[in-house]
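Comments concern the structure below.
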Amino acid sequence: MKYDVIVIGSGIAGATFAKACRQYGKKVAVVEKEKLGGTAIATGCLPVKIHKDNVVGFLKARDLADSYHRTLDIDIQDVYERGYNRIAELQDFMKRDLDGIDLYFGDGVLLDQNTLKVGSHNLTTDHFIIATGTSPVIPNNARRAISHRELMGLKKLPKDLIIVGGGVEAVEIADIYAAYGVQVRMVVREEEILQETDQDLKQYLMKSLEQNQVEFYYGDDIVHTIEEQDSIHITTAKGHKIRGEYLLYTSIRSLNKVDGLMDLGVICDEHKIHIDGNLRTSVDNIYVIGDANGILGMAHVAYSQGIAVAKHLYAGKEVEMAYATLPRSIFGLKEISGIGKSEKDLKGQDYKVCKINLRDLYRGYGKDLDGFAKILHHDGKLLGYWVVSDYSSDLMADSALWFDQGCTLEKISKSLFINPSLSEVLPELYLKSIKGDE
């Protein structure tokens, strides 16, 4: 079967690229060896957010019942299964999303730079797009040592969970599962979680983790593991003995390689496939998008690369990515979202900070919204913009455009914002900057 382009991998990068090519009227095939959607959609990013939204909805319902002195008679396992079932439905969602695109399941082997063998099928194409991503590494062969993949596949909520790591993945899962009522214990090699994140941005997250009785073992690591039928027991370097139903490893990943790729002369190492500025490999009809190319390792980067390479191939556009103004979010119960520099990034430099509590906005007051926003600026130029609150990630899209266009406080003062809305946080921060309020 001959295609205009074949995509190897159906994660956020591959799926987005395939849909873009469909819009250009191209004949597209997607090859997937496991679940449609990859880490971002099927087993990691989106499933974690589904559980986050699920448990936040439950907590709000419980708080509302409490305010009327009522009891919310809902079993937490039923709440958890609602999230689990939503995740299980993602495969049908993906099939609808990729309608009109031929799907092949199985391991693909590159026979030459134009031919891929998948099972009994020999598929030929003008271009290959490698979107295989990366996989979690579990440095422990115990059956109850797991990654996010296995965690998202658990139909029954565990009673207790040991998490190794203190990065974004670890703290998101810790905050969400602790809110479900799971006893979470975190073994963190560093002396704090999210060590690159400003302290004021972490305060709501730390409060949530502590209120839900998350235990921290800082500056520590696992030296010994014993597995039993229904639990796993670890001993740390500092002598702590900790029990959990599962031991979750986070943040360690390795490249998902394609059989036959290196035989064609494509340069790879353990972590990435080497590419040029247009995300093309040393073989001119093979491109790499998403985590497999080693650029930043974020789902929204992979998504944008999928669109950019489709434009490059079928609209003649050079690949241009605004990595310097990358928006990012940490999806705890209270999201930490931002763009540009943080105060830790600017340490030792000249800048000013303006902050506002979201309850001081008209819309924030109406929603009784907890959290705050801050801008970092110098001589009228915005250096960083950060928001901590419910669904603060939704405020970042417009902000990315501001930063891409070299946003200044003066430009903010000339723009119109819907009233009442949370987007008014930017002009309100501008007003505070006039007097230099912090």
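The values are calculated or read from the model by the stated rules, or taken from the named source; none is laboratory data. None of the values given here were measured: they were computed from a predicted structure. Here the Cβ positions follow ideal geometry from the backbone for every residue, glycine too, while neighbour counts run over all protein chains shown.
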TODO: Out of SER433, SER413, SER423, report the one residue that is polar (S, T, N, Q), under 18 Å from GLY338 (Cβ atoms) and over 29 Å from the mean Cα position of the chain (by Cα).
DONE: SER433
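Counting residues that are over 27 Å from the mean Cα position of the chain (by Cα) and assigned by TED's automatic domain parsing to the domain that holds CYS268, which helices (runs of 4 or more DSSP H) fully inside the stretch 42-134 reach at least 2?
Numbers: elements: 45-67, 76-88, 90-97.
The qualifying helices (runs of 4 or more DSSP H) are 45-67.
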TODO: For the stretch 151-196, name all the residues that are within 17 Å of the chain's Cα centre (by Cα) and charged (D, E, K, R).
DONE: GLU169, GLU172, ASP175, GLU196
Open item on the list: What's the total number of residues in the stretch 179-202 that are in contact (Cβ under 8 Å) with a residue 12 or more places away in the chain and closer than 27 Å to LYS347 by Cα?
Closed with: 14
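Listed residues LYS257, LYS155; which is under 30 Å from GLY9 (Cβ atoms) and touching a Cys at 6+ places or on another chain (Cβ under 9 Å)?
Within the list LYS257, LYS155, the selection yields LYS257.
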Task: Residue among ASP404, ASP394, ASP370 that alone is surrounded by fewer than 21 Cβ atoms within 10 Å (Cβ to Cβ), in contact (Cβ under 8 Å) with a residue 40 or more places away in the chain and within 30 Å of ALA178 (Cα to Cα) - done: ASP370
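If I go through the stretch 316-367 residue by residue, how many of them are more than 30 Å from GLY277 (Cβ to Cβ), assigned to a loop (DSSP other than H, G, I, E, B) and in contact with a helix residue (DSSP H, G or I) (Cβ under 6 Å, 6 or more places away or on another chain)? Spell out how you get there, then give the answer.
Of all residues in the stretch 316-367, those more than 30 Å from GLY277 (Cβ to Cβ) come to 331-336, 343, 347-348, 350-367.
Applying the additional criterion that residues be assigned to a loop (DSSP other than H, G, I, E, B) yields 331-334, 343, 347-348, 350-351, 361, 367.
Then drop every residue that is not in contact with a helix residue (DSSP H, G or I) (Cβ under 6 Å, 6 or more places away or on another chain), which leaves 331-334, 361.
Counting residues in the stretch 316-367 that are more than 30 Å from GLY277 (Cβ to Cβ), assigned to a loop (DSSP other than H, G, I, E, B) and in contact with a helix residue (DSSP H, G or I) (Cβ under 6 Å, 6 or more places away or on another chain) gives 5.
Give the number of residues within the stretch 253-282 that are surrounded by 16 or more Cβ atoms within 10 Å (Cβ to Cβ), over 30 Å from ALA170 (Cβ atoms) and of a type outside the set (Gly, Ala, Ser).
Kept after step one, since they are surrounded by 16 or more Cβ atoms within 10 Å (Cβ to Cβ), are these residues of the stretch 253-282: 253, 255-256, 258, 260-261, 264, 266, 268, 272-273, 275, 279-281.
Add one more test, that the residue is over 30 Å from ALA170 (Cβ atoms), and what stays is 260-261, 264, 266, 280-281.
From what is left, the residues that are of a type outside the set (Gly, Ala, Ser) are 261, 264, 266, 280-281.
Qualifying residue count for the region: 5.
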